[in-house]
C-alpha cells in the first residue's frame, strides 16, 4: 500500500498523514473493542437468562431487539455528528471551535434522547403487541424496556464521548471507557439475575449501571486529559444547532431504518413460535460479537474521512475507503469460517433446542457470509456521513429496510418458512451493499474533480 502524505498537519489532525490502512486498522480495532464489550454484555445477558431455562424470557429478548436498536440508532446519530463536526474542525486546525461543538453536541443529544425515551416508554406495550409478543413473553419484554429506556440520554453521552476521543486520535481511551461499562455489566448480571432473583429486570438494571460507568470515564478523559469541553454559550448553542441537525437528523433517519427492517423480520418470525424466536434472539447476539469489526466501521472511519476531507486530502479519502473494503473482505471470510466450525458449541452453550437450534444452525452455516455486504455498506455510510452527503446513507439504509427487506422476507417466509426469512435478508444485503459501494466511489470521484478545479 502506497503511503499518502501531506506537507502540513494541524496539531491534532493525526489522520492526514501516514498509511491509511494503518489508520483504518487502528481506529477499527479500537472502536471494535469498545463495541465488542457492549455486544458481549448483550450476549452475557441472554446467556445468563438462558440458564433460567425459560424460553419465554429468551424470546422476550428477541422482541426487545427493535426497540433497543431504535434507541441505539438515535444515540449513534448524535455520536456520528459529534465525530464528523469535531474531526473536521481539528482537521482544519480550529481546536477552539471543536471544543464548542463537543460541549453543545452532548447537550443536543441529551435533549433529543430524553424526549424520545419518554414517548417510547409509553408506547412500548402496544408496539410489542404489533410485533407479535403475547402473554408472559410480552410482559417480560415490557419490564426490560421500561427499565432501560429512561437511560437513553446516558447512553447518548456515553457514545458521543467515545466519538470525541476517537476524533482527536485517542481510540485507546474510547475503548477503555466502553470496556469499563462492560466489565461492570458482566459483574452485575449474575448478581442481579440469580443472587437477587430479579430475572430479566436484573439484566436491565445492570445495563443501566454500565452506561453510567462509561459516562464517568469518558467525560473525565475528555475534560481532564484533552480539555475538549468549554463553557456553555447560548449564542454558540443556537449557531451550531443547524450544522448538528444537518448531520444528525439524516444519520438518525439512516440508522432507524435498521430497527424498522428488524421489526419486519421479527413480525415474520413470530408466527413460528417462541422456539424460533429464542434461537433467533441468540443468533442476533452472537452475530454482533462475531462481526464487531464490521459494526465498528461507521464510527471508526468517521474521523479519518472527516480530517482528510477537512484538510482537502481527497486522494486519502479514496484510499481510506478502498482499504476499508479490503479489511471487510478479509475479516468477513475469516470469521465466517470460525462461526461455521463453532456452531455446534454455540447451540449447546445456550441450550438451544428444537426449531430454535435448527434456525441458529441454518444462519451460522449459510447466511452469516452475506454480512460481507452489510460491512461494505457500513463503510460507505461512514463516507457519506462525513463527506457532506448524509442523505445518501439515509436513502440506502431505508431502501434496504423496506425494498430490500419487506418483499424478500415475506416471499422467503412463504416459500421456505422461518429459514426463508433469513434468505430474504441476505438477498437485500447483497443488492443494497453493492449499490452503496458503487455510489460511494462515484461521490469520491466527483470530490476529486472538484478539488482539481477546471482545466486550464
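Across the alpha-carbon atoms of the chain, the computed radius of gyration and Dmax are 21.4, 76 angstrom.
With a Förster radius of 22 Å applied to the beta-carbon distance between residue 51 and residue 146, the computed FRET efficiency rounds to 0.40. The value given for the range 314-456 is a Kirkwood hydrodynamic radius of 17.0 Å, derived from the mean inverse Cα-Cα separation.
Please find the FRET efficiency linking residue 445 to residue 329, where r is the Cβ-Cβ separation and R0 is fixed at 25 Å, and quote it to the nearest 0.05. E between residue 445 and residue 329, to the nearest 0.05, is 0.70. Specify the angular offset, from 0 to 90 degrees and rounded to the nearest 10, of the alpha carbon long axis of helix 152-167 from the longest principal axis of the alpha carbons in the chain. The angle comes out near 40 degrees. Each of 448, 56 was scored by other Cβ atoms within 10 Å of its Cβ. Arranged with the fewest first, they read 448, 56. Each peptide in 277-285, 332-340 receives the mean, over its residues, of other Cβ atoms within 10 Å, and ordering these scores from highest gives 277-285, 332-340. Simple spin-label estimate for residue 107 and residue 209 gives 3.3 nm between the two label positions (7 Å along the Cα-to-Cβ direction from each Cα).
Computed over the Cα atoms of the range 256-344, pair by distinct pair, the Kirkwood hydrodynamic radius stands at 15.8 angstrom. Each residue in 138, 23, 312 was given a count of other beta-carbon atoms within 10 angstrom of its own, and listing them fewest first yields 312, 138, 23. Round to the nearest 10 and give me the degree value, 0 to 90, for the angle of helix 371-386's Cα axis relative to the longest principal axis of the chain. The answer is roughly 40 degrees. Label-to-label distance for residue 237 and residue 249 is 2.0 nm, based on points extended 7 Å past Cα in the beta-carbon direction.
When 130, 61 are sorted by how many other C-beta atoms sit within 10 angstrom of their C-beta, beginning with the fewest, the order is 130, 61. Packing-based ranking of 224-231, 62-69 yields 62-69, 224-231, ordered from highest to lowest mean Cβ neighbour count within 10 Å.
If you find the alpha carbon centre of the range 242-264 and of the range 435-451, how far apart are they in angstrom? Value for the Cα centre distance between the two parts: 22 Å. For the chain, the longest principal axis of the C-alpha atoms and the axis of helix 418-452 are separated by about 0°.
Set the Cα radius of gyration of the range 164-316 against 2.2 N^0.38 Å, with N its number of residues, and you get 1.34. Our helix-only sum for the chain, with -39,500 (n - 2.57) per DSSP H run of n ≥ 4 divided by its residues, gives a mean residue ellipticity at 222 nm of -27500 deg cm²/dmol.
Here residue 348 and residue 130 are evaluated by their C-beta separation; at R0 = 30 Å the FRET efficiency comes out at 0.35. Simple spin-label estimate for residue 187 and residue 227 gives 3.3 nm between the two label positions (7 Å along the Cα-to-Cβ direction from each Cα).
Note on the range 106-203: Cα-only Rg and Dmax are 16.4, 49 Å. Which whole-angstrom value gives the distance between the alpha carbon centres of the range 369-430 and the range 99-175? Their Cα centres are 23 Å away from one another.
Quotient of the Cα radius of gyration of the range 43-104 and 2.2 N^0.38 Å, N being its number of residues: 1.84. Consider a paramagnetic label point 7 Å from the Cα of residue 139 along Cα→Cβ; state which residues of the range 57-71 have an amide N under 13 Å from it. Zone members listed by number: 57.
The numbers here are math on the coordinates, done by the rules we state, and not lab data. These numbers come from a predicted model, not from an experiment. Glycine gets a Cβ as well: all are built from the backbone with ideal geometry, and neighbour counts include every protein chain shown.
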